[in-house]
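To keep things clear, I will list the structure first and then write my remarks on it.
The values are calculated or read from the model by the stated rules, or taken from the named source; none is laboratory data. Just so we're clear, the structure is a prediction, and the values are computed from it rather than from any experiment. Positions of Cβ are backbone-derived with ideal geometry, glycine not excepted, and every protein chain shown enters the neighbour counts.
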Amino acid sequence: MELKNMPDLCVKIGGLVLKNPVMTASGTFGYGEEFADFFDISTLGGIIVKGTTGSKREGNAYPRMAETPSGMLNAVGLQNKGVDNFISDIYPRIKDINTNMIVNVSGSTIDEYIMVASKLNELDKIPAIELNISCPNVKEGGMAFGTSCPSAIAVTEAIRKVYHKTLIVKLSPNVTNIAEMAKAVEGAGADSVSLINTLLGMAIDIERQKPLLSTITGGLSGPAVKPVALRMVWQVAKAVKIPVIGLGGIMNAADAIEFMLAGATAIQVGTANFIDPAVCPKIIDGINDYLIRHRNNNVNEIIGKI
Amino acid sequence: MELKNMPDLCVKIGGLVLKNPVMTASGTFGYGEEFADFFDISTLGGIIVKGTTGSKREGNAYPRMAETPSGMLNAVGLQNKGVDNFISDIYPRIKDINTNMIVNVSGSTIDEYIMVASKLNELDKIPAIELNISCPNVKEGGMAFGTSCPSAIAVTEAIRKVYHKTLIVKLSPNVTNIAEMAKAVEGAGADSVSLINTLLGMAIDIERQKPLLSTITGGLSGPAVKPVALRMVWQVAKAVKIPVIGLGGIMNAADAIEFMLAGATAIQVGTANFIDPAVCPKIIDGINDYLIRHRNNNVNEIIGKI
Amino acid sequence: MKVVSNKNLNTKYFLLTLQPPDNMPVILPGQFAQVEIKDAKNTFLRRPLSVHDVDYKNNTIKLLVQIIGEGTKKLSEIKEGDSLNLVYPLGNSFSTSGADNVLLVGGGCGIAPLLYLARLLFEKNIKVTTLIGGSSESDILEADEYRKYGDVLITTLDASIGEKGLVTQHSVFNSDKFPYTAIYTCGPEPMMKALARIAKEMNIRCEVSLENMMACGIGACLCCVVDTNEGNKCTCTKGPVFNYKELKGWS
Amino acid sequence: MKVVSNKNLNTKYFLLTLQPPDNMPVILPGQFAQVEIKDAKNTFLRRPLSVHDVDYKNNTIKLLVQIIGEGTKKLSEIKEGDSLNLVYPLGNSFSTSGADNVLLVGGGCGIAPLLYLARLLFEKNIKVTTLIGGSSESDILEADEYRKYGDVLITTLDASIGEKGLVTQHSVFNSDKFPYTAIYTCGPEPMMKALARIAKEMNIRCEVSLENMMACGIGACLCCVVDTNEGNKCTCTKGPVFNYKELKGWS
Ligand SMILES: Cc1cc2nc3c(=O)[nH]c(=O)nc-3n(C[C@H](O)[C@H](O)[C@H](O)COP(=O)(O)OP(=O)(O)OC[C@H]3O[C@@H](n4cnc5c(N)ncnc54)[C@H](O)[C@@H]3O)c2cc1C
Ligand SMILES: Cc1cc2nc3c(=O)[nH]c(=O)nc-3n(C[C@H](O)[C@H](O)[C@H](O)COP(=O)(O)OP(=O)(O)OC[C@H]3O[C@@H](n4cnc5c(N)ncnc54)[C@H](O)[C@@H]3O)c2cc1C
Ligand SMILES: Cc1cc2nc3c(=O)[nH]c(=O)nc-3n(C[C@H](O)[C@H](O)[C@H](O)COP(=O)(O)O)c2cc1C
Ligand SMILES: Cc1cc2nc3c(=O)[nH]c(=O)nc-3n(C[C@H](O)[C@H](O)[C@H](O)COP(=O)(O)O)c2cc1C
Ligand code: FES
Ligand code: FES
């Protein structure tokens, strides 16, 4: 292959330019640094860092994890040191990583979301936020915002007023009509939607006759959820005009390509990072090889192609 | 073990007495006859036969099936010969199988549901029907009834008027609030709810750039869905007073016991029948062994125990 | 079943010989087994594989398998002495009555269900010719086995063995006197459809063995249907063998 | 990594010797590896396993594993010459400084991370005694290995070897002059908690190695936390070794 024949992997999400469509999913990639030993993380299209809230949260009690067939349940519950600590301690460490560093934002109240988003709006090297209105693991707020159109609209509109860069809203799959939710947040000013967050699930230790998670229910991720995620991405991509970011169970390039064919402009890799910390560069290479094999010069040619 | 120590496996669902909590799920066990070579099907607690509609349906075009991580998608689309053929041809063949033979009822309109249910009401050896308001694989009706409370109430109330034996309503997992749906059909006269039907999913052949199912989307079943099914059964069991029948990804006795601990009075085995046609008796034996190990005399002691 | 042997024919194909603990049931030519795949991360369902040959004396059956994806790859790694769970025999069969001079046509691994058929036809004194096609010599399997029961014709796309081209381009179809009164075939659908067209032109019988995607293999799930003149039929119970005339869009 | 050998110690335990293609990195005692489990139907995540011993000369590491569920069962079937994917070395380590007469206490497979530690302490001229506990003789592993570096004490519940009872019931704890100035331990949590109580009473150091459920093993998922005086900490990066005093509910 000569270099001039290399396909163009660049995609755009709102004001963001991604060198390739592969990002990492919030809560599964730390702040990126954890993976720097495994590959050059600046080769990623973007990194969505951990869910950040107004103040420090300890998260849920242990145990927080259970393995399930082709998947896992987690109940981390947004453990993080809060937005001020992010700005003072973490931002300086990660701001010069040469890719889109995007912060996933959570809160229990609209005011908390607004507070976090306003502060992040001031950070030069954070070109976008992902609004997490879909976390199933915290009692107050989180998923509640993402499972009814009026509240999803309310929080998106409020953030749109204070946040002036690219605003991605992350949708919950635990809804009857995902396309309606996507249209609602599009109308409220989102530049993009990402989906799916985890499906609410549960597992029981039958010998101890107790739930395996301290919170009883938790969020299901991994290959098990891929068919549901793919269906939702396809439904949403047909329903909205803003770019869609697809995720849920992507383990390899073939999975990533399924999401792009279904209409995703970019994808995120989550749980797969736990199985193979160096999976992302393999996915990027695999997409590249696929485009060459299918004689596409530009990755945008396959988006929504089915 | 002496015989007098054998645990009592008997459970009750509305007017039904089940010799044990293990039933087979509609659409995965034919009319039972297909499995008679593999084990004595009268040892089952009940058999839910194929989805039956007002008139003959050809179902969807091939391909109707795709394998997914720890699961499968199907898009059969209620292929069946209609209720009259069921009564004239199939009922005489299966009516003397010594277990609860339950018919799964589907339709595109409330009138069709009523017509099928009224006719089945006349069959002596059919002690119950399972109202399928959750089939994701037919355009008209099916899942639409099961994804909004008012329509679920409407169809359940209409059937309750014409059907005088045990009425089980099978819920769709493709909803925001499963407990609300269960309460709605409980209020409308259901004797029991069964859940979950399949999750709406999708898969794509990336080389051909086409969906793997003729209908694009289909119903996901198998172990992949178990965490979601279990969570929903737990939520519903807390919300309603009628007995709950749990299913979704049950492959072995341990899975079945998880559902019972979460609150299911009985369980159904679906996709697992394809992997091992003789799995059901193993599940019954496994429940029995578990009760002995945990010193329970009666299976009802473990229902909802977590 | 106990694995008596697992022979790699080449990098793409392997031949399993299996022995059930009990006496083998009666197996008809064209029937198949649903084979459990153990220890595979992404293979959840059983895999349908045709019975390649039956040896009642030694109480063994053979499966001829092409490595396609994870399931068949895992199966290729199974070792002598291992055990394998089969649900079998399933499906209908080729009809061996009424034919007198028969052409069997197998595309690649499509010859799998035809060896047992060839032997049974041969034992009934029916003349058998087998036409095997593939991309290259490595796809031409078990020709010597088939030669035991009659002539063997071969085509390959690269002409590495036999005539060059598709099976349907074999000179036997161009000869003035096409001697066969029936075609039995298994292989890629386009190949079988082309053979059905030839059979129609020549007005001879043609039975095709379909390889539809299956979940249960026993008629319970209705996933494997094919559209026939009488509506959707299950390939696993009403097939896998069909007279092409029954199939919609085949004639 | 290449599997150099897989030795079954008995039906429940096995010992893997592995060789990386490149030179081994520096490994500290108490560190662990995240081991990929291939070809398992229901094992999706890696499995955390302690480094049992390190041999820089031969460029090998050892893992001592108990068969618990599917993951460890699959691992027990791995053969010499196979390859195994490890992410390692992970986590912090036991501290080898400041101690002079150390008691290592392992419950069953809890001795896994202690052998390398014993050797390093021994090489530093620190006196090492190892107390190994189990239900029965078959749970007492590698005692001879530990004897290379110091005395070995044993307890079993059924008294099949050593003193009868739990490790914490060993007579060494009742002697007037308990000679040790630090306890390093790994095993079931109740055992480690009991040892922590003893250490507290005696006012000596006690380091425990936790086996929390892990997904990533590298500090990215926050699944493996333990509640400490400074809030939730990841067992995989801030542990697995903790001074019991840091842990809430341990003292
Ligand atoms: C009745 C019947 C008899 C068969 N007999 C033989 C035989 O004797 N020898 C042989 O080598 N193969 C035979 N096949 C095909 C064989 O079942 C598939 O090649 C196999 O299931 C592929 O499994 P895999 O896990 O290796 O590939 P996968 O990774 O599952 O699939 C790869 C591709 O193989 C195809 N495939 C998957 N499952 C099936 C299926 N059920 N039927 C057809 N294609 C499928 C699909 O196109 C799929 O995309 C038969 C199929 C049927 C239905
Ligand atoms: C840092 C660390 C070091 C370890 N070192 C060793 C070692 O050197 N040798 C050894 O034999 N074992 C060690 N373990 C425990 C080992 O990880 C588990 O026994 C193993 O993961 C069980 O996997 P499985 O698939 O066989 O069992 P599964 O079927 O997955 O689980 C069976 C049971 O094992 C327990 N288990 C599962 N995963 C873990 C886990 N991550 N941690 C603890 N318990 C678990 C759970 O109680 C579960 O119910 C260590 C664990 C940790 C966290
Ligand atoms: C351990 C863990 C922690 C997560 N934390 C967050 C989070 O803080 N914010 C968020 O929006 N999503 C979070 N998620 C969801 C993932 O970002 C992703 O949406 C989900 O896991 C599905 O993708 P996957 O199947 O590729 O993992 C978390 C997921 C996991 C497994
Ligand atoms: C091939 C197939 C056909 C099905 N047909 C029906 C049906 O006719 N009516 C119905 O209510 N559910 C039907 N289902 C759903 C199952 O009854 C069950 O709810 C679902 O598969 C989840 O259980 P499982 O994971 O144990 O299979 C079907 C499922 C499969 C896989
Ligand atoms: S494969 Fe299930 S009916 Fe044919
Ligand atoms: S296992 Fe993921 S943070 Fe420790």
- Checking B:P227 against (1) more than 11 Å from chain A (Cβ to nearest Cβ); (2) closer than 18 Å to C:F44 by Cα; (3) over 14 Å from the mean Cα position of the chain (by Cα), which test does it fail? (1)
- Query: Hey, any hits in the stretch D:200-215 for a residue that's over 22 Å from D:G108 (Cα atoms), outside the structural domain of D:Q169 (by TED's automatic domain parsing) and away from ligand 4 (no atom under 16 Å from the Cβ)?
  - Reply: yes
- Does B:A182 fit the bill of being touching a residue at least 12 places away in the same chain (Cβ under 8 Å) and either more than 10 Å from every other protein chain (Cβ to nearest Cβ) or surrounded by fewer than 21 Cβ atoms within 10 Å (Cβ to Cβ) (or both)? yes
- Query: If you take the residues of the stretch D:201-225 that are within 20 Å of D:T185 (Cβ to Cβ) and at the interface with chain A (Cβ under 7 Å from one of its Cβ atoms), which of them is nearest to ligand 1 (Cβ to nearest atom)?
  - Reply: D:M213
- Message: Among the residues of the stretch D:63-78, are any farther than 28 Å from A:G222 by Cα, surrounded by fewer than 22 Cβ atoms within 10 Å (Cβ to Cβ), more than 16 Å from ligand 4 (Cβ to nearest atom) and outside the structural domain of D:L115 (by TED's automatic domain parsing)?
- Response: no
- Query: Of all the residues that make up the stretch C:26-55, how many are more than 12 Å from chain D (Cβ to nearest Cβ) and either closer than 12 Å to C:P89 by Cβ or free of Cβ contacts under 8 Å to residues at least 60 places away in the same chain (or both)?
  - Reply: 17
- In the stretch D:230-240, is there at least one residue being within 16 Å of ligand 6 (Cβ to nearest atom), small (G, A, S), part of a loop (DSSP other than H, G, I, E, B) and surrounded by fewer than 23 Cβ atoms within 10 Å (Cβ to Cβ)? no
- Task: Kindly list the number of the only condition in (1) touching a Lys or Arg at 6+ places or on another chain (Cβ under 6 Å); (2) within 16 Å of ligand 4 (Cβ to nearest atom); (3) part of a strand (DSSP E or B) that fails for C:C223.
- Result: (3)
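So that you can scan it fast, the table gives a plain yes or no per residue for (1) of a type outside the set (F, W, Y); (2) assigned to a loop (DSSP other than H, G, I, E, B); (3) in contact with a Pro (Cβ under 9 Å, 6 or more places away or on another chain); (4) at pLDDT below 90:
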position: D:K177; (1), (2), (3), (4): yes, yes, no, yes
position: D:Y180; (1), (2), (3), (4): no, yes, no, no
position: D:K193; (1), (2), (3), (4): yes, no, no, no
position: D:R197; (1), (2), (3), (4): yes, no, no, no
position: D:M213; (1), (2), (3), (4): yes, yes, yes, no
position: D:C216; (1), (2), (3), (4): yes, yes, yes, no
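Can you name every one of the strands (runs of 3 or more DSSP E) wholly within the stretch B:1-86 that holds 1 or more residues which are within 14 Å of chain A (Cβ to nearest Cβ) and surrounded by fewer than 24 Cβ atoms within 10 Å (Cβ to Cβ)?
Answer list for the stretch B:1-86: B:65-68.
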- Top-ranked residue of the stretch D:34-68 - restricted to ones that are among the basic types (K, R) and within 11 Å of ligand 2 (Cβ to nearest atom), ranked as nearest to D:L115 (Cα to Cα): D:K62
- Item | strands (runs of 3 or more DSSP E) (entirely within the stretch C:41-90) containing at least 3 residues that are within 14 Å of C:P25 (Cα to Cα) and in contact with a Pro (Cβ under 6 Å, 6 or more places away or on another chain) | none
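Yes/no per residue for (1) away from ligand 2 (no atom under 14 Å from the Cβ); (2) basic (K, R); (3) under 19 Å from the mean Cα position of the chain (by Cα):
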site	(1), (2), (3)
D:N174	yes, no, no
D:K177	yes, yes, no
D:I198	yes, no, no
D:I204	yes, no, no
D:N212	no, no, yes
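For B:T156, state whether it is within 14 Å of chain A (Cβ to nearest Cβ), buried (at least 19 other Cβ atoms within 10 Å of the Cβ) and not acidic (D, E). Please lay out each step first, then the result.
Working: within 14 Å of chain A (Cβ to nearest Cβ): no; buried (at least 19 other Cβ atoms within 10 Å of the Cβ): yes; not acidic (D, E): yes.
For B:T156, the condition - within 14 Å of chain A (Cβ to nearest Cβ), buried (at least 19 other Cβ atoms within 10 Å of the Cβ) and not acidic (D, E) - is not met.
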- Note on the structure: Note on the stretch D:216-230: residues within 12 Å of ligand 3 (Cβ to nearest atom) and under 13 Å from D:L90 (Cα atoms) are D:C216, D:G219, D:A220
- Message: If I ask for residues that are at pLDDT below 95, farther than 14 Å from A:T156 by Cβ and outside any loop (DSSP other than H, G, I, E, B), which ones from the stretch A:95-143 would you list?
- Response: A:D111, A:E112, A:G142, A:M143
- If we ask which residues in the stretch A:245-275 are within 14 Å of chain D (Cβ to nearest Cβ) and touching an Asp or Glu at 6+ places or on another chain (Cβ under 8 Å), their number turns out to be 2
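Determine whether D:T155 is in a strand (DSSP E or B) and within 15 Å of the chain's Cα centre (by Cα).
No; evaluated as a whole, the condition is false for this residue.
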- Which pairs have Cβ atoms under 7 Å, sit 6 or more apart or on different chains, and link a residue in the stretch B:283-296 that is in contact (Cβ under 8 Å) with a residue 40 or more places away in the chain to one that is among the hydrophobic types (A, V, I, L, M, F, W, C) and surrounded by fewer than 15 Cβ atoms within 10 Å (Cβ to Cβ)? B:I292/B:M1
- of a type outside the set (A, V, I, L, M, F, W, C), outside the structural domain of D:V241 (by TED's automatic domain parsing) and surrounded by fewer than 15 Cβ atoms within 10 Å (Cβ to Cβ), is that true of D:S160? no
- Considering the stretch D:241-251 alone, what residues qualify as being touching an Asp or Glu at 6+ places or on another chain (Cβ under 8 Å) and surrounded by 19 or more Cβ atoms within 10 Å (Cβ to Cβ)? D:V241, D:F242, D:Y244, D:L247
- Within the stretch B:204-224, how many residues turn out to be basic (K, R) and either within 20 Å of the chain's Cα centre (by Cα) or at the interface with another protein chain (Cβ under 8 Å from one of its Cβ atoms) (or both)? 1
- Item | From the options D:K193, D:K248, residue that is more than 16 Å from ligand 6 (Cβ to nearest atom), farther than 15 Å from D:L104 by Cβ, in contact (Cβ under 8 Å) with a residue 40 or more places away in the chain and basic (K, R) | D:K193
- Just give me the residues in the stretch B:68-105 being of a type in the set (S, T, N, Q), within 18 Å of the chain's Cα centre (by Cα) and closer than 29 Å to B:N20 by Cβ, in sequence order. B:N74, B:N80, B:T99, B:N100, B:N104
- How many residues of the stretch D:164-219 are among the acidic types (D, E) and surrounded by fewer than 17 Cβ atoms within 10 Å (Cβ to Cβ)? The answer is 3
- Query: Taking the stretch B:253-271, which residues are without any contact (Cβ under 8 Å) to a residue 40 or more places away in the chain and closer than 17 Å to B:V228 by Cα?
  - Reply: B:A254, B:D255, B:E258, B:F259
- the stretch B:185-203, residues that are at negative phi, assigned to a loop (DSSP other than H, G, I, E, B) and away from every other protein chain (no Cβ under 14 Å): B:A188, B:A190, B:D191
